[in-house]
Amino acid sequence: MKIAYATPHLKDRLLRVGCSVPGNFGTMSNILKAHSFFPAFDDGEADQAFKATFEAPYYIENDGTAAALGEYVFGGRIPQPDPMFFIHIGHGVGGGAIIDGRPYPGVNGNACLPGVLYPYDQPRPSGQDLFATLNGAGFAIHDFIDLERLPDSAEAALEIWVERAGKHLSETVRVATAMFDPALIVLGGRLPELVTDRLVRAISSQPILGPSRGLEAATVEASRLGPRAGAIGAACIPFFASLFSAAVADDGSPYLNGRKPKSRP
């Protein structure tokens with residue numbers, strides 16, 4: 001696959017390419033280990049796929065961090081919430097954080113992964129768990145696009161999952177408050193916006209113990225960008241890296257900092 005340019009001159013105006021992919025960078029900081037739902041992109045295969053596709057230098061970032069960046073830049077909140085923690089519900093349970101106006105990647109680009117709170121052999125507040133819940137109730141759900149056309153008869157099964165996931169995510173809110181003391185926690189990801197809104201209401205409908213005596217849990221809001229946050233954040237990465245170097249981390253993922261992006265040989 002090649003990039004199709006709307007005009008002959010668009011290629012010359014292309015700065016760089018940002019890519020948002022579910023997964024993490026292992027312990028190497030430069031080899032993406034994609035989510036198990038995307039085996040074709042695992043162990044460096046994503047890097048090879050993008051190298052064969054894009055004719056411009058590119059950055060690869062996990063979807064939680066990309067979504068956090070997109071929400072921070074284009075969420076329209078004034079003043080911008082900082083620190084901001086993003087809970088990303090995709091096939092798994094991911095996240096990202098913005099601290100001092102820049103994404104916080106950690107040493108290897110793998111910071112902010114709330115999914116560790118939820119064992120894989122038990123129900124989790126993830127997209128795959130929602131699919132399994134609906135499939136178990138007799139509704140054929142294969143991916144997020146199928147959630148956009150759920151029949152009314154699926155309402156009871158969906159509500160069961162929303163209530164359970166809301167209780168699970170309350171613990172993420174509590175832990176994120178304790179670890180980051182964020183101005184705001186944003187819930188988003190691949191779910192339809194109506195489902196995300198219901199999850200936020202489920203979280204807010206029950207009291208959440210603060211991380212310590214006298215401290216309250218951070219405020220939770222639904223993403224204002226919906227499922228587009230990851231793509232919008234990925235598009236922000238080249239601008240942050242090229243034009244706003246002071247706002248980009250000096251360590252962590254080599255795709256989201258001042259180091260040289262990946263490029264074609």
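The values are calculated or read from the model by the stated rules, or taken from the named source; none is laboratory data. Quick caveat: nothing in here was measured; it's all calculated off a predicted structure. Virtual Cβ from ideal backbone geometry, glycine too; neighbours counted across all protein chains shown. For accessibility, only protein heavy atoms count, side chains too; no ligands or nucleic acids. Shrake-Rupley method; radii C 1.70, N 1.55, O 1.52, S 1.80 Å.
So here's what we get for this one:
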| read-out | value |
| --- | --- |
| Ranked packing of 184-193, 69-78, most packed first, by mean Cβ within 10 Å | 184-193, 69-78 |
| Rg [Å, one decimal], Dmax [Å, integer] - region 69-213, C-alpha atoms | 15.6, 47 |
| Residue 116 versus residue 14: modelled label distance in nm, points set 7 Å from Cα along the beta carbon direction | 3.7 nm |
| Kirkwood-based Rg to Rh ratio, region 72-130, C-alpha trace | 1.05 |
| Only Lys, Arg (+1) and Asp, Glu (-1) charged, at Cβ; region 193-244 dipole about Cα centre in debye | 40 debye |
| FRET efficiency, residue 128 to residue 193 (Cβ-Cβ, R0 25 Å, nearest 0.05) | 0.80 |
| Kirkwood estimate for region 189-228, i.e. one over the average of 1/r between Cα atoms, Å | 11.4 Å |
| Accessible solvent surface per residue of region 162-210, calculated while the other protein chains remain in place, 1.4 angstrom probe, Å² | 46 Å² |
| Descending Cα extents along the principal axes, region 112-166, whole Å | 34, 20, 18 |
